[in-house]
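A.B. asks: Quick one: structure below, then a few questions.
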Amino acid sequence: MALTRRRQQSVSTTTIPFPTMLISYLVLFAWAFVVLFPLYWLAVTSLKTPLDVNDGPFYIPWRDFQPNLDNWHYIFVDLGPDTFRPYINTVVVGLTSTTVTVILGSMAAYGLVRMRYRVSFGAIASFAAGVALAVVVIVAHVPWHLGAVAGFALFLLLLNTMARRIKRGVGNDDIAFWMISQRMLPPVAVVIPIYIFFQQLELLDTWGALIIAYVASHLPIVVWLMRDYFQSIPVELEESAAIDGASPYRIFRSIVLPLSIPGLVATFLFVLVFAWNEYLIALFLTSANAQTLPLTVAAQNATRGPQWWYMSVLILIMIGPVIAMAIALERFIARGLLVGAVKG
């Protein structure tokens, strides 16, 4: 009787009245229209002639206007390499930098969650002094490897002398907050030093410069997101594996990573979107060979004015892969966003 009563109560509390359900569906359909209409407008604009765009708005193909593929032919055939080269650069730089960022960030996040750190202020100051010396030497037109050696030598010298006398330091939470605080700094404030750094390394207008810059700028996001996700994984699973003789690396690779797939996928997609759409760093570090697609779209708009019939094609081929990836990985993304959101 008690079980039957609980079932009846659960059914009665979860049953939604028809008017409420109707209003919910109407609101959802209205919101879906608001979200999807810009994509529809891009698609139909890419099929219009300049006259149709200027005389519009026209909404329905074959009724309001006669669609054609002239804009697509211009972008893929007439422009040719001017379209494919930035697109390949965007794909290579975006996927590579995102993969490296997720790998390094997930390992750093796991270390912050499961291992206790206590870094003294002396060690931090020694490292900062070593980096500063290396940068100064490189800017002074000295070969970069000599600057790296000089900075590392100064770091070791200060670490073995001054750093040992300073006992106060920072812990895991302080390190995590410091990493995410790097995202509070506007990119325009550091883009000039970044440009000079890669200029001295002779890496301007290369994939390597963009990949290194994107990994450094997006690493705090991965650490912060995956740190929260790793905290939701029961530590008892790892302790059981440790009792059986598994090493920390084996525990991380065989237990933690498989359980973290939803979080890794969601984080990967977030970082990929940031790298895919990044504009400012690519503007300063590239000129022709490593130029990415956002720069091509902006250049198309700047040199010839807002030719929406051509820009709509570029925007569609730019956002298409990311949308397709998000749809394919939707179930992982939903789980990755929800796990760890409610605790206790």
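The values are calculated or read from the model by the stated rules, or taken from the named source; none is laboratory data. Only a predicted model underlies this, so the values are computations on that prediction, with no experimental measurement involved. Note: ideal-geometry Cβ built from the backbone for every residue, glycine included; neighbour counts use all protein chains shown.
A.B. asks: Somewhere in the range 282-290, is a residue assigned by TED's automatic domain parsing to the domain that holds residue 214, exposed (fewer than 13 other Cβ atoms within 10 Å of the Cβ), without any contact (Cβ under 8 Å) to a residue 40 or more places away in the chain and over 18 Å from residue 115 (Cβ atoms)?
C.D. replies: Scanning the range 282-290, I find no residue that is assigned by TED's automatic domain parsing to the domain that holds residue 214, exposed (fewer than 13 other Cβ atoms within 10 Å of the Cβ), without any contact (Cβ under 8 Å) to a residue 40 or more places away in the chain and over 18 Å from residue 115 (Cβ atoms), so the answer is no.
A.B. asks: Here is a further query. When the residues of the range 23-53 are filtered to those that are touching a helix residue (DSSP H, G or I) at 6+ places or on another chain (Cβ under 8 Å) and β-branched (Val, Ile, Thr), which remaining residue is surrounded by the most Cβ atoms within 10 Å (Cβ to Cβ)?
C.D. replies: 45
A.B. asks: Tell me, yes or no, whether the range 68-75 has at least one residue that is polar (S, T, N, Q), more than 28 Å from the chain's Cα centre (by Cα) and closer than 23 Å to residue 322 by Cα.
C.D. replies: yes
A.B. asks: With respect to residue 106, determine if the residue is among the small types (Gly, Ala, Ser), touching a helix residue (DSSP H, G or I) at 6+ places or on another chain (Cβ under 7 Å) and not assigned by TED's automatic domain parsing to the domain that holds residue 160.
C.D. replies: yes
A.B. asks: Consider residue 97 carefully, then state whether it is modelled with pLDDT of 85 or more, of a type in the set (Gly, Ala, Ser), part of a helix (DSSP H, G or I) and in the same structural domain as residue 229 (by TED's automatic domain parsing).
C.D. replies: yes
Let's see how each residue does on (1) under 19 Å from the mean Cα position of the chain (by Cα); (2) of a type in the set (Lys, Arg); (3) within 29 Å of residue 205 (Cβ to Cβ):
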{"site": "56", "(1), (2), (3)": "no, no, no"}
{"site": "60", "(1), (2), (3)": "no, no, no"}
{"site": "65", "(1), (2), (3)": "no, no, no"}
{"site": "82", "(1), (2), (3)": "no, no, yes"}
{"site": "87", "(1), (2), (3)": "yes, no, yes"}
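A.B. asks: Go over the candidates 135, 149, 113 one by one and state the one that is modelled with pLDDT under 85, assigned to a helix (DSSP H, G or I) and under 29 Å from residue 223 (Cα atoms).
C.D. replies: Result: 135 is the single residue among 135, 149, 113 that is modelled with pLDDT under 85, assigned to a helix (DSSP H, G or I) and under 29 Å from residue 223 (Cα atoms).
A.B. asks: Just one of 267, 292, 296 is under 19 Å from the mean Cα position of the chain (by Cα), more than 18 Å from residue 229 (Cα to Cα) and hydroxyl-bearing (Ser, Thr, Tyr); which is it? Let's see the steps before the verdict.
C.D. replies: Values: 267 fails: more than 18 Å from residue 229 (Cα to Cα); 296 fails: under 19 Å from the mean Cα position of the chain (by Cα).
Result of the check over 267, 292, 296: 292.
A.B. asks: Checking the condition in the same structural domain as residue 92 (by TED's automatic domain parsing) and out of contact with any strand residue (DSSP E or B) (no Cβ under 9 Å at 6 or more places or on another chain), which residue from 146, 112, 156 passes? Show your work before the answer.
C.D. replies: Numbers: 146 fails: in the same structural domain as residue 92 (by TED's automatic domain parsing); 156 fails: in the same structural domain as residue 92 (by TED's automatic domain parsing).
The match here is 112.
A.B. asks: Every residue in the range 159-180 that is in contact with a Ser or Thr (Cβ under 6 Å, 6 or more places away or on another chain) and either closer than 10 Å to residue 118 by Cα or assigned by TED's automatic domain parsing to the domain that holds residue 215 (or both), please.
C.D. replies: Across the range 159-180, the qualifying residue is only 169.
A.B. asks: Give me a count of the residues in the range 291-308 that are hydrophobic (A, V, I, L, M, F, W, C), over 30 Å from residue 66 (Cβ atoms) and modelled with pLDDT of 75 or more.
C.D. replies: Qualifying residue count, the range 291-308: 1.
A.B. asks: Which pairs turn up if I take residues in the range 67-85 that are part of a helix (DSSP H, G or I) and look for partners that are among the aromatic types (Phe, Trp, Tyr) with beta carbon separation below 6 Å, at least 6 apart in sequence or on another chain?
C.D. replies: 71/309; 71/310
A.B. asks: Could you check how many residues of the range 309-344 are of a type outside the set (Gly, Ala, Ser), at pLDDT below 65 and not in a helix (DSSP H, G or I)?
C.D. replies: Start the filter on the range 309-344 by keeping residues that are of a type outside the set (Gly, Ala, Ser), which leaves 309-311, 313-319, 321-323, 325, 327, 329-333, 335, 337-339, 342-343.
Pick out the ones that are also at pLDDT below 65 and you get 335, 337-339, 342-343.
From the residues that got through so far, the ones that are not in a helix (DSSP H, G or I) too are 339, 342-343.
So the count comes out to 3.
A.B. asks: Another question about this same structure. What do you reckon, is residue 158 touching a helix residue (DSSP H, G or I) at 6+ places or on another chain (Cβ under 8 Å) and part of a helix (DSSP H, G or I)?
C.D. replies: yes
A.B. asks: Is there any pair linking a residue in the range 38-66 that is modelled with pLDDT of 85 or more to one that is hydroxyl-bearing (Ser, Thr, Tyr), with Cβ under 6 Å and at least six apart or on different chains, and which?
C.D. replies: 42/312; 45/312; 46/312
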